[in-house]
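Let me begin by presenting the structure, written as structure tokens, before commenting on it.
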């Protein structure tokens, strides 16, 4: 992906997706190993987001 993923604050190492228009939302692949939760413990639903954190609306 060459587009800016629109992180909350990469300078402060907050790599959560900041806005619903992020090109990383629903752009990931479902892994072959079941990973139902992101690093915050939130459920991954539908198409996974690219990154360690699932976007929470």
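Just so it is clear, none of the values below were taken in a lab; they were calculated from the coordinates. Model, not experiment: these values are computed from the prediction. Every residue, glycine among them, receives a Cβ derived from its backbone with ideal geometry; neighbour counts consider all protein chains shown.
Can I get the semi-axes of the chain's equivalent ellipsoid? Compute them from the C-alpha gyration tensor as square roots of 5 times the eigenvalues, in angstrom, largest first. Provide the component values of the computation, followed by the final result.
Details: eigenvalues 67, 33, 20 Å².
Here the semi-axes work out to 18, 13, 10 Å.
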1/(1 + (r/R0)^6) with r = Cβ-Cβ of residue 43 and residue 14, R0 = 30 Å, i.e. FRET efficiency to nearest 0.05, evaluates to 0.90
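As a footprinting exposure proxy, order 53, 15 by other Cβ within 10 Å, with the fewest listed first.
Working: 53 19, 15 16.
Ascending Cβ contact count within 10 Å gives the list 15, 53.
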